[in-house]
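What follows is a set of notes on a single structure, which appears directly below.
The values are calculated or read from the model by the stated rules, or taken from the named source; none is laboratory data. Computed from a predicted model, the values in this text were never measured in an experiment. Positions of Cβ are backbone-derived with ideal geometry, glycine not excepted, and every protein chain shown enters the neighbour counts. Just the protein is used for accessible areas: all its heavy atoms, side chains included, with ligands, DNA and RNA removed. Shrake-Rupley method; radii C 1.70, N 1.55, O 1.52, S 1.80 Å.
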Amino acid sequence: MKTKKMLFVLVLAFHSLIANAQFIEDARRYSSQSLEGTARYISMGGAFSALGGDISSITDNPAAAAVFIYPEISFSTRALANNFQTEYLGQKGVELPPNTPIDINQAGFVFIMNSTNEEEDFTKISFAFNYKRKNNFKSKFNARGKNTSGLDNYFLYYAEGVKLKNLMLFPEETISEAYQDIGENLDYASQQAFLGYHGYFINPLEENDENSDYSSNSNIEGNSLGHSFFVTESGYQSQFNFTLSAQYKDFLYLGMSVNSYGIEFNRNDTLNENGYSSESPLISSQFENILSTVGEGFSMQLGGILKSDNFRLGFSYRTPIWYEFNDETSQYLKTDFKDDAPVIINPNVLNIYNYRLIVPSKVSLGLAYVFKKRGLISFQYGRTNYQKLRFDLNNDDLHLKEQNSIISNNLKPSNNIRLGGELRIEKISFRLGYYSEKSKKYNVLSFDGNDYNSLTGGIGLDFDGSNFSIGFANTVINRKFPIYSSSELNANSLNDPINLKNNQTQIVLTYSIKL
């Protein structure tokens with residue numbers, strides 16, 4: 001390792017690593033979908049691709065903006081409650097009190113220009129804008145259990161092939177300086193190996209500079225280790241939709257949209273481990289990782305709605321989403337010993353990663369039947385092929401190539417089904433819906449994101465010039481993910497999955513004004 005002569009500031013040292021540390025879980029987190037929008041949209045399961053007439057429907061099908069008869073402004077607020085249950089290797093975790101954030105989850109408007117010439121084929125042009133809180137990442141949970149794989153396995157995985165001379169401190173070099181130098185001049189794996197070596201989790205098989213083989217120092221006998229894994233996540237994913245649509249005669253609506261996305265995500269996870277071998281000098285340990293992500297993306301969308309008597313047929317296509325992300329990470333490691341003082345490795349170094357992600361395109365089909373002024377029923381099907389989810393390769397990056405291979409080999413297309421119905425009795429509307437998204441897997445090791453099942457309902461009140469609606473959704477979200485990721489899903493590096501079940505309840509209030 002080449003030592004750098006530099007002025008070191010022991011607070012935050014900014015730098016970019018040669019190798020990225022992005023994994024399949026990051027890719028699926030930012031590509032997953034959820035049920036978000038106005039109260040009417042939520043209460044009917046989001047089945048609006050063939051309907052229009054609701055501002056949130058524009059995000060599914062841009063042709064929906066041309067269905068509006070009058071210009072309209074709409075905004076929504078939401079209360080969201082998440083109740084998490086964990087299972088780790090067959091053992092239940094601790095249930096924490098639910099958190100209930102309240103936010104503005106939708107705001108938008110539609111502006112309409114009607115043709116003054118009755119002989120024109122295009123009778124109406126609509127302009128629309130809609131803001132939508134696409135995902136809310138707020139969560140807090142604690143998984144507990146016992147596992148024969150521990151932090152020694154994690155550090156051994158990354159230490160494989162790393163030369164001992166790259167892990168040693170130079171004269172008068174601090175832990176923080178060495179950690180930063182390894183990140184700048186070597187890679188993420190060497191940085192993790194450095195933590196494991198100086199945290200006394202791993203030992204070199206031979207005490208020479210060229211040694212690249214290591215053994216466990218913490219769990220020599222292969223005991224069942226006690227794990228308590230505490231995770232706090234926050235942040236959101238927003239979508240800004242700009243739409244132009246038109247009505248052709250009285251039976252066809254066409255539209256196109258430009259979509260802009262913004263993402264903020266924060267995660268703090270801490271693994272407390274104990275139960276080491278009797279021959280080990282270690283008693284317990286604490287390993288903390290902090291991640292802060294900001295990103296932005298872009299996509300386009302085309303759609304159409306065909307009307308024939310009471311039937312409506314909708315189709316929409318969204319291009320891939322091109323994202324750019326900036327990650328900032330930091331790490332902390334504490335090791336407690338039987339006969340010595342604790343060893344604390346707190347580099348106070350901020351690692352910075354820049355990368356691109358391409359989310360696959362999406363196709364949606366909708367079918368609806370309108371009972372004139374009495375009500376309607378609607379069905380929508382969407383499909384996204386997550387095998388085409390890709391990290392954009394930068395300088396032929398080997399790590400990202402491996403992650404793309406894992407995605408191709410472990411993810412399959414996702415199917416999204418939505419059902420909705422509305423019954424109108426004078427000025428009151430009663431609504432029910434169902435929303436489901438399933439992500440099929442090749443094998444049980446696929447940590448592939450979220451499966452959704454949601455039952456919805458709501459009521460709307462029509463005040464002629466305005467509407468007030470309330471929508472409810474009870475959703476069960478199942479996630480599966482490892483404590484720590486690696487380049488191989490079957491590697492012995494703490495990849496045993498945590499099953500996380502989220503019983504989510506959301507209440508949405510929407511007020512719309514016709515202009």
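One table, with the values for the structure above:
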quantity: Any hit, the range 358-376, residues being under 17 Å from the mean Cα position of the chain (by Cα), in contact (Cβ under 8 Å) with a residue 60 or more places away in the chain and surrounded by 20 or more Cβ atoms within 10 Å (Cβ to Cβ); calculated: yes
quantity: Test: residue in the range 296-304 that is under 20 Å from Leu389 (Cβ atoms), small (Gly, Ala, Ser) and surrounded by 15 or more Cβ atoms within 10 Å (Cβ to Cβ); calculated: yes
quantity: Only one of Gly297, Gly314 that is of a type in the set (Gly, Ala, Ser) and closer than 30 Å to Asp250 by Cβ; calculated: Gly314
quantity: Per-region count, the range 80-93, residues more than 13 Å from Ile477 (Cβ to Cβ), open to solvent by 30 Å² or more (accessible area, probe 1.4 Å) and in a strand (DSSP E or B); calculated: 3
quantity: Residue in the range 230-237 that is among the small types (Gly, Ala, Ser), in contact with a Phe, Trp or Tyr (Cβ under 9 Å, 6 or more places away or on another chain) and part of a loop (DSSP other than H, G, I, E, B) present; calculated: no
quantity: Among the candidates Asn394, Asn385, residue that is at pLDDT below 80 and more than 30 Å from Tyr88 (Cβ to Cβ); calculated: Asn394
quantity: Count - residues of the range 377-421 that are loosely packed, with under 15 Cβ neighbours inside 10 Å and small (Gly, Ala, Ser); calculated: 2
quantity: Whichever residue in the range 33-47 is in contact with a helix residue (DSSP H, G or I) (Cβ under 6 Å, 6 or more places away or on another chain) and at pLDDT 95 or above and, among such residues, is nearest to Val370 (Cα to Cα); calculated: Tyr41
quantity: Hits in the range 398-429 - residues which are closer than 30 Å to Ala189 by Cα and without any contact (Cβ under 8 Å) to a residue 24 or more places away in the chain; calculated: Lys401, Asn404, Ser405, Ser408
quantity: Matching entry among Phe265, Phe251, Phe287 (being out of contact with any Leu (no Cβ under 7 Å at 6 or more places or on another chain) and either closer than 30 Å to Asn348 by Cα or in contact (Cβ under 8 Å) with a residue 40 or more places away in the chain (or both)); calculated: Phe265
quantity: All positions within the range 270-291 that are open to solvent by less than 70 Å² (accessible area, probe 1.4 Å) and either in a loop (DSSP other than H, G, I, E, B) or in contact with a Phe, Trp or Tyr (Cβ under 7 Å, 6 or more places away or on another chain) (or both); calculated: Thr270, Leu271, Gly275, Tyr276, Ser277, Ser280, Pro281, Leu282, Glu288
quantity: Flag if Asn219 is assigned to a loop (DSSP other than H, G, I, E, B) and crowded, with 16+ Cβ neighbours inside 10 Å; calculated: yes
quantity: Members of the range 55-75 that are in contact with a helix residue (DSSP H, G or I) (Cβ under 6 Å, 6 or more places away or on another chain) and either within 20 Å of Ser454 (Cα to Cα) or open to solvent by 30 Å² or more (accessible area, probe 1.4 Å) (or both); calculated: Ser56, Ser57
quantity: Subset of the range 236-260 (residues that are surrounded by 19 or more Cβ atoms within 10 Å (Cβ to Cβ) and either closer than 14 Å to Asn105 by Cα or touching a Lys or Arg at 6+ places or on another chain (Cβ under 6 Å) (or both)); calculated: Gln237, Gln239, Asn241, Gln247
quantity: Residue in the range 299-321 that is closer than 30 Å to Gln191 by Cβ and touching a residue at least 12 places away in the same chain (Cβ under 8 Å) present; calculated: no
quantity: Filter pass, Leu357 being under 24 Å from Thr475 (Cα atoms), out of contact with any His (no Cβ under 7 Å at 6 or more places or on another chain) and of a type outside the set (S, T, N, Q); calculated: no
